[in-house]
Amino acid sequence: MVSLKLRAILFPFQMEPRREMLLQELGEMWDQIGEAEEDRREMLHALEEDCLNVYRVKVAQVKQYRAQLQREIADSVAEVAAICATIGEPSTTVHIACSSLQSTGNLKEELGSITPELEEMRRRREERRRKFSEVTELINRIEQEMKPSKQLHLTMDNSDLTIRRLEELRAYLQDLQLEKDSRVRKMTELMGSLHSSSLVLGMDFRETNLHHDDEGDISDDAIARLVSEIGRLREIKRNRMQKLQDLLATMLDLWNLMDTPSEEQKRFQSVACNIAASEDEITERDALSMEFINNVEAEVVRLERLKECRMKDLVLKKYDELNEIRRRAHVPVENEDDAMMMFDAIDSDAKRSLILERLEVQISEAKDEEFSRKDVLEKMEKWQAALEEESWLEEYNRNENRYNVGKGTHLVLKRAEKARALVSKMPAMAEALITKVFAWEKERGAKFEYDGDGLLDMLEEYNNTRKEKEQERKRQRDQRRMLGQGTGESPVVRPPPKNIKNVTRTLSMGGSSTGGKKASASVSSRPSTPSFLKSPMSARRSDEGQMLLSRAVEEDDLL
């Protein structure tokens, strides 16, 4: 029989019937065998050790399992805390989770209660990682598009998955997207400028130095290549513009020189306006193509050859223009025959062109001279008109029949009144003219010449002549007064004759038929206008007065 002590050791719990049966069967077999008590105790002791070893192994396993549970719980708590720190959750969440775990005391229950919390935190962390991964991937992609040479790429930091860090990356991504949009717009503008320049230059876009892949590339290198290519085309455009404008300027000069008909100008009239256009204003297709420039150059060459054939006619025309300006300005003109003989003696086209250029310069200078003399010439013209009226008035005053009344006499009297008023202003007009001439000579530092003679000398001569006339008239008045006093008679004023017919004819023709000799003597004795003041205009004005008197005579004859 198994002792109670052994039974308590081997079977601390209530034994099952089968175990009782096994011990009883073991004791019976020992009795049959005749095992000694000592051996029985040793075998039972060994059996007891075996049972204790089994318990020890089981206890060790249970202890290990408990430690494992404790570690899992601690790791879970630590992982929850780490995840909260990583994703930036408030610390209160971790404290609440830990306090809920420590309230039970059952390890399995503790582990079972923390596992859902841990899974939730892991899910939230993976969700946060996914968001970080998307933002990081977009950032790297955009940076790769803008800066493909950049070797360092942005990596996701798993230790910092906070909302703050995510917002920073999103803000950085937004800045990159704005920069990308800006680069895309810039590339679009640059590509448009490149296409526009290519069309203006008549070049195929494939002829440029731009790579095919650069059309969709927004990197710094692609933009730099595009800017460089646009700069190269702009330089070509500027050079061609300069060449075209030089050709157009030459063409316009040749048109003006040779009076080219408008029909011949139509082919290039549309581009002649580009002679003063800026670079950005020339946008027409093929406006600066080499084919078009070559056509313009060929036209200029044709005009140059035509100009060589018509050079003499051009020189004659320019000489006529120059002399006409000088005639209007009353400046001495050149002898065209001598100039053309010198021109014919020159066999070099370059020297002939220099003559034309010199003529152009002389024409420009003559125009400036004419403009500067304008005020003086206008006053000179008025003064000459006054001289003509003075000459006519002197002739009128010498006519003995001027007071006879007849048809048209009132017109002559009215002209005489106006002439006297004008003649009375002549000294002031002369002074004003002299002042203008002095001012002109002071400004220009040269002597003012009128048809080759000094105008101030002419005015001085006129003043001297006028003074001589005044002295002569005074001497005659004194002589008449002395004659009247010597005879004791006063001058008799003869009344106008009753016969007033043909008065105007007498005034206009210089006297009547019966008194022709006397009238002729009167005409021959009157003072004449100085030769240096005569001009085509004075002759015209004298003819006008003569025509007025003749018209009055004709009307009187008709009556």
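The values are calculated or read from the model by the stated rules, or taken from the named source; none is laboratory data. Everything numeric here is computed off the predicted structure, so don't read it as measured data. As a convention, Cβ positions derive from the backbone with ideal geometry for all residues, glycine included, and neighbour counts pool all protein chains shown. All accessible areas refer to the heavy atoms of the entire protein, side chains included, with ligands and DNA or RNA removed. Shrake-Rupley method; radii C 1.70, N 1.55, O 1.52, S 1.80 Å.
Exactly one residue out of E470, E461, E443 is surrounded by 14 or more Cβ atoms within 10 Å (Cβ to Cβ) and assigned by the TED database to the domain that holds I325: that is E461. So in the range 132-156, with the set limited to residues that are open to solvent by 80 Å² or more (accessible area, probe 1.4 Å) and within 25 Å of E79 (Cβ to Cβ), which one is farthest from the chain's Cα centre (by Cα)? Among them, the one singled out is T155. For G406, the requirement of being open to solvent by less than 50 Å² (accessible area, probe 1.4 Å), under 26 Å from F371 (Cα atoms) and modelled with pLDDT under 85 is not met. If you check E79 against the conditions, is it open to solvent by less than 70 Å² (accessible area, probe 1.4 Å), assigned to a helix (DSSP H, G or I) and modelled with pLDDT under 90? In short, yes.
Quick one: how many residues across the range 102-131 are aliphatic (A, V, I, L, M) and either exposed (fewer than 12 other Cβ atoms within 10 Å of the Cβ) or outside the structural domain of Q70 (by the TED database) (or both)? Before the answer, list the steps.
Going through the range 102-131, the residues aliphatic (A, V, I, L, M) turn out to be 107, 111, 114, 118, 121.
Next, from what is left, pick out any that are either exposed (fewer than 12 other Cβ atoms within 10 Å of the Cβ) or outside the structural domain of Q70 (by the TED database) (or both): none.
The qualifying residues number 0.
Within the range 450-461, residues that are on the phi > 0 side of the Ramachandran plot reach partners that are loosely packed, with under 15 Cβ neighbours inside 10 Å and outside any helix (DSSP H, G or I) with beta carbons closer than 7 Å, at six or more positions or on different chains, in the pairs G452/P332.
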